[in-house]
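Beneath this line is the structure, given in structure tokens, with notes to follow.
The values are calculated or read from the model by the stated rules, or taken from the named source; none is laboratory data. Quick caveat, the model's predicted, so the values are computed rather than measured. Because the Cβ atoms are built from the backbone with ideal geometry, glycine has one as well, and the counts that use them run over all protein chains shown.
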Amino acid sequence: MITPIRVPKLGMTQDSITVVKWPKGDGGSVKQGEVAVVIETAKVSFDVEAPASGYVFSLKGVNAKVKIGEIVGVVADSPEEFENYKRDLPKGAEGQPEIVLGEVEEEETGVRISFEEEEEKGPVKEERRPPVFPPPSIGDRKVLNRIPFSGMRRRIADNLVASLQYGAQLTLVSETDLTEFAKFREELILDYPDTKITFVEMIVKILPAVLKEYPIVNSSIIGEEVVCWGEYNIGVAVALEDGLVVPVVRNADAKSLVAISREVKRFAQKARSKELEPEHYRGGTFTLSSGGRVETDIITPIINPPESAILAYGKVGPRPAVHEGKLAIRTMTHLCLTHDHRVIDGVPASLFLGRLKEIIENPNLFRMVLK
């Protein structure tokens, strides 16, 4: 008996699913419910369980792009049964690129010529491809370590490059005084010792209030429209050893600071133990990233598509600043807002950043929002 292994839906998008691992190898023995294949989107990896017991065989190799519902492998009762099954497969069904008749590629000129039926597709078309540069060689150079450029790292790289190529990104920076904000955080830690609220969680709570004043910042380009969202789902960047993930705090405007703090911590724990599900990443409208624990003053964060803006803040620490007309040592940071200039002009972006800075620096204002 042949049992197919299909790509499950689980909220994943059609165009960003990759096979990253076959834990049992090809032809390995597997029991029903064990992990048969690991697939990955730009944001999350997922273990696909074997639908039956037997021998697992791959039809799509590692790094193959697949779609929801596609058969990536099978579980067979025996290797011989799989060999019989494989002989009946159509050409290209094992993850190999299919040869399409009527196409000629000119390797030297970089021009791809497609011969189509004129009555259906029109005249012959030419598609210019970018030049392909030969990969650098290691040769006899000393190598400390080799890290596969695949899986999560590759998905993050592809997303970042696509984000920069797709939008017109510009970063604004505002030096911000966190002295009173930090004092209030100490009060919160005393009030909620089990939660230990962080700056990230406090800012997540404040952001919806500012986004409501400047709705264009909480927007996305959808088709031929700029859609300003009526919900405030704040993505929080979580750094891992092999990359960065951005789970989403949904409806942050309707949640208390303590609830947000617990949710962010739960997401971070799940991310580090690789237990996040695809739904934890969906529906973000704005993202917050932090460099507060590293020696980085100013950050130029890259927008998380399809959002139109992202906020980051740099190192938090004491430094000289002018306060009430006098030089003093204050707790300072830099708020860094990257916005898509196609959607958000410089003035509303500056006003948004200025209003956020105003609330963070003014105890009367931030206490009202964080109550």
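Below are the figures for this structure:
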| read-out | value |
| --- | --- |
| Residue within segment 197-215 that is surrounded by 14 or more Cβ atoms within 10 Å (Cβ to Cβ), assigned to a helix (DSSP H, G or I), assigned by TED's automatic domain parsing to the domain that holds Glu307 and modelled with pLDDT under 95 present | no |
| Candidates Leu351, Leu365 - the one that is aliphatic (A, V, I, L, M) and either part of a loop (DSSP other than H, G, I, E, B) or under 22 Å from Leu257 (Cα atoms) (or both) | Leu365 |
| Selection count where residues are part of a loop (DSSP other than H, G, I, E, B) and either surrounded by 17 or more Cβ atoms within 10 Å (Cβ to Cβ) or of a type in the set (Val, Ile, Thr) (or both), scope segment 179-196 | 1 |
| Residue match in segment 271-287 (condition: without any contact (Cβ under 8 Å) to a residue 12 or more places away in the chain and over 30 Å from Arg342 (Cβ atoms)) | yes |
| Residue match in segment 232-241 (condition: part of a helix (DSSP H, G or I) and either at positive phi or surrounded by 15 or more Cβ atoms within 10 Å (Cβ to Cβ) (or both)) | no |
| Criterion: more than 20 Å from Gly243 (Cβ to Cβ) and either in contact with a His (Cβ under 9 Å, 6 or more places away or on another chain) or modelled with pLDDT under 90 (or both) - qualifying residue of Gly54, Gly73, Gly27 | Gly27 |
| Every pair of residues 6+ apart whose Cβ atoms lie under 8 Å, when the first sits in segment 59-79 and is in contact (Cβ under 8 Å) with a residue 60 or more places away in the chain while the second is of a type in the set (Phe, Trp, Tyr) and part of a strand (DSSP E or B) | Gly73/Phe57; Val74/Phe57; Val75/Tyr55; Val75/Phe57; Ala76/Tyr55; Ala76/Phe57; Asp77/Tyr55 |
| Strands (runs of 3 or more DSSP E) completely within segment 283-326 that count 2 or more residues being in the same structural domain as Leu178 (by TED's automatic domain parsing) and more than 26 Å from Tyr214 (Cβ to Cβ) | 317-323 |
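Okay, residues lined up against (1) within 26 Å of the chain's Cα centre (by Cα); (2) closer than 21 Å to Ala252 by Cα:
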| position | (1), (2) |
| --- | --- |
| Ile138 | no, no |
| Lys142 | no, no |
| Ala157 | yes, no |
| Phe181 | no, yes |
| Arg185 | no, yes |
| Leu190 | no, no |
| Asp194 | no, yes |
| Phe199 | yes, yes |
